[in-house]
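Since the structure comes first, as structure tokens, the remarks are kept for the end.
The values are calculated or read from the model by the stated rules, or taken from the named source; none is laboratory data. All values derive from a computational prediction rather than experimental measurement. With ideal geometry, Cβ positions are generated from the backbone for all residues, glycine too; neighbour counts draw on all protein chains shown. Accessible surface areas use protein heavy atoms only, side chains included; no ligands, DNA or RNA. Shrake-Rupley method; radii C 1.70, N 1.55, O 1.52, S 1.80 Å.
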Amino acid sequence: MITRRHLIATAVAAPAILRFGTGTAHAATTLKISHQFPGGTIDKGDFRDRLCRMFAAEVSKRSNGDIAAEIYPNSSLIKTNAQFSAMRKGALDISLYPMPYAGGELPETNIGLMPGLVTTYDQGLRWKKEPVGKALTDFLADKGIILLTWVWQAGGVASRSKPIVAPEDAKGMKVRGGSREMDMVLQTAGASVLSVPSNEIYAAMQTGACDAGITSSTSLISFRLEEVAKCLTSGAGASYWFMLEPLMMSKAIFDKLPKNQQDVLLTVGQELEAFGRKGAQDDDVEVAKVYEKAGAKVSVLDAATVGKWRDIARDTAWKDYGAKTATSANLLKLATDVAA
């Protein structure tokens with residue numbers, strides 16, 4: 001039987017470039033969509049890859065073939081960390097991209113993984129309609145990025161040795177956190193940190209360069225970290241780790257399109273937000289099953305433990321981020337105004 005796992009393994013070994021729409025060969029506009037995740041099909045595999053494929057297919061359909069798309073999974077077109085800059089320059093059209101990966105270029109984007117700031121999907125998805133969402137959207141547009149689909153993902157911890165549940169569990173361990181702010185929290189808890197994209201966690205854990213990796217439930221599954229982990233801390237019930245990982249587009253490319261095509265892109269992108277949420281939440285449940293099957297010990301977080309992480313974050317990462325720029329200070333204030 002062909003399973004999600006087989007599809008993902010095959011896609012990792014042989015990245016595919018797919019075209020959508022009967023009018024692709026004669027399309028007026030062909031968009032390149034890049035991401036770092038394993039490729040699959042429109043029906044099977046990592047939901048983030050599926051979202052990109054659904055987006056491409058629906059955009060082609062609604063534009064009557066005037067817009068086509070090529071999907072490049074596994075960072076096969078552009079290296080993971082370079083995708084954001086490439087979009088800003090107009091060298092890449094679209095990417096489903098973890099926003100905090102752009103933190104070295106634009107520190108304000110680290111609001112997309114601020115430990116303990118977002119603690120539920122409802123809270124994160126409310127950002128879009130709240131002042132914080134408008135402020136973030138305006139800031140990114142000014143920097144050359146259009147948000148097409150808001151996707152939030154909860155995360156957990158895969159560990160080679162002992163579980164990391166409470167902050168004190170991280171002491172003495174080498175941990176991948178996922179953002180500068182998460183790294184600050186881990187360091188305060190006594191850990192050393194490693195900064196790599198999620199598609200490099202497996203190799204880091206396999207070689208011993210990293211004892212544990214914190215990443216989304218979907219990445220914990222798709223990158224097969226259960227093969228190198230003995231413990232999992234699930235974020236299904238509660239989590240201090242929520243990442244904003246939207247489908248985003250180069251504004252330079254977007255602005256060149258006629259308005260009817262822009263409207264199609266924006267409409268389809270918005271309609272896929274429900275799929276993104278369901279995909280993330282389904283994987284929050286699925287990840288425990290995957291790790292239990294592999295023989296890993298599974299632990300869970302509760303509100304009190306999340307509060308411990310948030311308390312450290314408030315005193316370190318939040319303060320540091322808020323002091324970066326006037327924009328970051330404003331984004332943090334607006335985000336804290338959105339009640340959980």
>> Largest first, please: the extent of the C-alpha atoms of region 219-288 along each principal axis, to the nearest Å.
In response: 52, 22, 19
> Can you pick out the pairs among Lys174/Lys278; Lys134/Lys230; Lys278/Lys333; Lys61/Lys89; Lys79/Lys129; Lys174/Lys293 whose Cα atoms lie more than 30 Å from each other?
Replying inline: Lys174/Lys278; Lys134/Lys230; Lys79/Lys129
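Hey, any idea what % of the chain's accessible area is carbon plus sulfur with a 1.4 Å probe? All intermediate terms of the calculation are to be shown ahead of the outcome.
Values: 7080 of 13500 Å².
Here it works out to 52 percent.
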> Any idea what angle helix 326-336 forms with the longest principal axis of the chain, computed on alpha-carbon atoms, 0 to 90 degrees, nearest 10?
Replying inline: 70
> How large is Rg over Rh for region 160-232, taking Rg from the Cα atoms and Rh as the Kirkwood inverse mean of 1/r across Cα pairs?
Replying inline: 0.92
> So for Thr29, Thr207, what's the accessible-area order with a 1.4 Å probe, most first?
Replying inline: Thr207, Thr29
>> Show me the three semi-axes of the equivalent ellipsoid for region 183-340, from the C-alpha gyration tensor (sqrt of 5 times each eigenvalue), largest first, rounded to whole Å.
In response: 30, 23, 17
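For the chain, what Kirkwood radius comes out of the mean inverse Cα-Cα distance, in Å? Spell out each step's value before the answer.
On the way: mean 1/r = 0.0500 Å⁻¹.
By the Kirkwood definition, the hydrodynamic radius is 20.0 Å.
Find the accessible area per residue for the chain; the probe is 1.4 Å, ligands and nucleic acids are left out, and the unit is Å². Don't jump to the answer; show the numbers that get you there.
Details: 13500 Å² over 340 residues.
Here the residues of the chain average 40 Å² of exposed surface.
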>> Compute the helix-to-body angle for 4-13: its Cα long axis versus the longest principal axis of the chain, expressed 0 to 90° and rounded to tens.
In response: 70
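Quick one: divide the alpha-carbon radius of gyration of region 82-235 by 2.2 N^0.38 Å and tell me what you get. Mind dumping the intermediate values first?
Details: Rg = 16.0 Å, N = 154, 2.2 N^0.38 = 14.9 Å.
Its radius of gyration relative to the 2.2 N^0.38 Å reference: 1.07.
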>> Run the Debye formula on the Cα coordinates of region 46-135, all scatterers equal and no solvent, and tell me log10 I(q)/I(0) at q = 0.25 1/Å.
In response: -1.24
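Ranking request for peptides 241-254, 325-338: highest mean number of other beta-carbon atoms within 10 Å first, then the rest in descending order.
Numbers: 241-254: 23.5, 325-338: 16.6.
Per-residue mean Cβ counts within 10 Å order the peptides as 241-254, 325-338.
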> When the label point is put 7 Å from the Cα of Ala166 along its Cα-to-beta-carbon vector, which residues of region 295-323 have a backbone N closer than 20 Å?
Replying inline: 297-316
> Say R0 is 22 Å: what FRET efficiency, to the nearest 0.05, do Thr267 and Thr30 get from their beta-carbon distance?
Replying inline: 0.65
